[in-house]
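Structure first, then comments.
The values are calculated or read from the model by the stated rules, or taken from the named source; none is laboratory data. This structure is a prediction, so every number in the text was calculated from the model and none was measured. Methodologically, a virtual Cβ is constructed for each residue, glycine included, from the backbone with ideal geometry; neighbour enumeration extends over all protein chains shown.
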Amino acid sequence: MFPGAERADQSTTRRIRRLPELLVNQIAAGEVVERPASVVKELIDNAIDAGATRISVDLERGGIELVRVTDDGSGIPPDDVPLALAPHATSKIAVAEDLDRIATMGFRGEALASIASVSRLSLRTRSREQPGASLLEAEGEIVGAVQPAPGAVGTSVIVRNLFFNTPARRKFLRTQGTEQGHCLDVIRELALSHPAIGFCATTDGRAVLDLPPNQSPRERVLAVMGKELAEQFVESSADEMSDARGLALWGMVGLPVLARATAKCQHVFLNGRPIRDKTIQHALREAYRGLIEPGRYPTAVIMLEMDPGAVDVNVHPAKAEVRFRDGSMVHGTVLRSVREALSAADLTPSVNSAGFGAARGYRPGEETAILPREGAPTGEARANAFVEFFARTVPETAGRLSYDAIRDAMNKDVAAAAPAEQPAPVSQAMEVPRPADRLLQVHNSYVVTQDEQGLVIVDQHALHERVMFEHLLARVGAGDLESQRMLMPAVVPATTRQVERLQELAPLLKRIGVVLEPLGPAVIGVQAFPTFLFDRGVDEAEFVQGILEKTDDEGFVPGGEEALAEVLDMMACKAAVKAGNHLSDQELRDLLKMRDLVERGSNCPHGRPTSIRLTIRELERRFGRS
Ligand code: ADP
Ligand code: MG
């Protein structure tokens, strides 16, 4: 008989049969237990549900050899101990309606049974009423009898030799180092969301984490994320509990410099449970739009509290994904509160020993190096400040830094929007600590100044570009940009496709004051050009070519706001002073004044920083004064 025939033969007589319990559990384990980190997560979840105030985790060989989780929680009464390892046995829900208001970390009652089916598990537990502990050991299918044993109140679960009886699964484990990393990620994540619980962890006998109980959420975030990052975080909050929407948010979000290439730096929790949620990721990215480069992820810890009835957590075996009843409300709340926190904060990164992202050692009580820009104009006041600022400075500012057109447009705009009754906050806002009188331009590219915290170095092009960008944005909001007809159309070579798309592009171009016409199958003529760019000697053909190239990008939707922002950004970039341009003292002063007026002065439209700061404290440290 040739290979395979036997199998084919068997299939014809296959009968339906109930799977043995071990196999059922092992299949369930496939969903719940993927690697040592999943064991760590399930065991810590149980400890949290048991009301533990201290949880310790010991790992050997990345958790592959051993995971031990010990807690000081409620323990399990002796009679219930065998049930703990039985599938679908849980103390957390009893009736179907409970599923609508799950407030515990676990509820499926399958974690311990699943883990026991693929490991050598030992459970030692003692409830408060008991004089001693109970010990139960299991190895795959074989579950022992409950034995009395010594032990403190609480529970200690040891999981040895994970996947010892399922070699196929064992093969998928990575190196010890990788598995250990995943385990520690899980511990940190759960520690972040439970600042009242003390956590400690060892790997192969070495202490790697020690977090005291009863920390404030803020202390916990800093302790877990690295105290040296203290001054690179902004606190954010929203409380919508009051208006019956039932959502509260607290978070700490990192300065743009802390953005990373993967979403691993984002920790989102819903009612204490770590979740991955696309809606929230998207809201975070939106909040940082223009502050970080596209494709990077802002570092963030976001805690959401919400009525368990308003969210379905039972859509994913490891409960990492959830379904919100009102996703857009959650999106809006995250976006708004993070955006508010960012715009109220000074986002200038500090330079320090390890470069960006790692600041001086954190000392308790000395927490806010991230100062809200006190007295900085907001909303209406900011708009007025723009107008007044330009009204005052334009006459004495020549050439590259003149904004006649903008001032007029803004004047018109703001006069229409708000009667000129409230100039009061403006002068107040203008009193914020001014930069040094003498400014130093370094290599015709950077401007050195000071503020209340120390020394500030500004990238002249990046800052000017940001300023221009915000102005253009404000102006386009008020109406199409002013444009100038060309005496002779500038001629731009183009692709056939670009010529074909002109029609589609026309409304966008009209908003920025550009008029294009096909002059032939592969030639475009520039009939009108924005005065703003014209005045700054920007080459028409080059600029238009840049726009045409942008439109070739996939994802460029000519009608969208994003496309408009991109095009305005191009204008801002072209019109801004370049690195290498010498600026007069007056120009330098004007440029720096604008820094306080623009909303996102800390970053250029591409998300690169416009300025960096060397704090006095850091200087003192470096000169050995402290
Ligand atoms: P679930 O957490 O979904 O209920 P598990 O299989 O993780 O299911 O645990 C089964 C039951 O065992 C729990 O409902 C709980 O009653 C008990 N248990 C497990 N771990 C602990 C612990 N560390 N402390 C107290 N009770 C525990
Ligand atoms: Mg559980």
(request) Among the candidates Thr125, Thr104, single out the residue that is within 14 Å of ligand 2 (Cβ to nearest atom), in contact with an Asp or Glu (Cβ under 6 Å, 6 or more places away or on another chain) and polar (S, T, N, Q). (result) Thr104
(request) Working only within the range 517-541, note down all residues that are part of a helix (DSSP H, G or I) and either farther than 17 Å from Cys573 by Cβ or of a type in the set (A, V, I, L, M, F, W, C) (or both). (result) Thr531, Phe532, Leu533, Phe534, Ala541
(request) Any residue in the range 78-96 that's aliphatic (A, V, I, L, M): show its pairings with residues that are more than 8 Å from ligand 1 (Cβ to nearest atom) and in a helix (DSSP H, G or I) at Cβ separation under 6 Å, as long as the two are six or more apart or on different chains. (result) Leu85/Ala116
(message) Anything in the range 16-33 that is assigned to a loop (DSSP other than H, G, I, E, B) and within 16 Å of ligand 1 (Cβ to nearest atom)? List them, or say none.
(response) Val33
(request) Filter the range 451-463 down to residues that are assigned to a strand (DSSP E or B) and at pLDDT 85 or above and give me whichever is nearest to Arg589 (Cα to Cα). (result) Val458
(request) For Val544, indicate whether it is modelled with pLDDT of 85 or more, in a helix (DSSP H, G or I) and within 20 Å of Arg497 (Cα to Cα). (result) yes
(message) Being within 20 Å of Phe556 (Cα to Cα) and among the hydroxyl-bearing types (Ser, Thr, Tyr) is the filter here; which residues of the range 468-503 pass it?
(response) Thr495, Thr496
(message) Looking at Gly132, Gly109 in this structure, which one is within 11 Å of ligand 2 (Cβ to nearest atom) and of a type outside the set (A, V, I, L, M)?
(response) Gly109
(request) For Asp98, work out the one condition from (1) at pLDDT 75 or above; (2) more than 10 Å from ligand 1 (Cβ to nearest atom); (3) of a type in the set (Asp, Glu); (4) in a helix (DSSP H, G or I) it doesn't fulfil. (result) (1)
(message) Cβ contacts < 6 Å: first residue under 20 Å from Glu141 (Cα atoms) and in contact (Cβ under 8 Å) with a residue 40 or more places away in the chain, restricted to the range 23-45; second residue within 15 Å of ligand 2 (Cβ to nearest atom) and charged (D, E, K, R), any location; separation 6+ or different chain. Result?
(response) Ala28/Glu110
(message) Exactly one of these conditions fails for Leu59: (1) closer than 28 Å to Lys171 by Cβ; (2) of a type in the set (A, V, I, L, M, F, W, C); (3) within 12 Å of ligand 1 (Cβ to nearest atom). Give me its number.
(response) (3)
(message) I'd like to verify a number: residues in the range 84-95 that are more than 7 Å from ligand 1 (Cβ to nearest atom) and either part of a strand (DSSP E or B) or crowded, with 16+ Cβ neighbours inside 10 Å (or both), how many?
(response) 4
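In the set Gly513, Gly546, Gly555, Gly560, which member is in contact (Cβ under 8 Å) with a residue 12 or more places away in the chain, surrounded by fewer than 20 Cβ atoms within 10 Å (Cβ to Cβ) and of a type outside the set (Phe, Trp, Tyr)?
Just one listed residue meets the conditions, Gly546.
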(request) Keeping to the range 592-612, report how many residues are within 18 Å of Ala259 (Cα to Cα) and either of a type in the set (Asp, Glu) or modelled with pLDDT of 75 or more (or both). (result) 5
(message) Name the residue that is farthest from ligand 2 (Cβ to nearest atom), counting only residues in the range 39-56 that are out of contact with any helix residue (DSSP H, G or I) (no Cβ under 9 Å at 6 or more places or on another chain) and part of a helix (DSSP H, G or I).
(response) Ala47
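Applying the selection to the range 520-536, what residues are under 14 Å from Thr495 (Cβ atoms) and hydrophobic (A, V, I, L, M, F, W, C)?
Ala522, Val523, Ile524, listed by residue number.
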(request) Go through the range 57-77 and give me each residue that's closer than 21 Å to Gly132 by Cβ, of a type outside the set (Lys, Arg) and either out of contact with any Lys or Arg (no Cβ under 8 Å at 6 or more places or on another chain) or within 16 Å of ligand 2 (Cβ to nearest atom) (or both). (result) Val69, Thr70, Asp71, Gly73, Ser74, Gly75, Ile76, Pro77
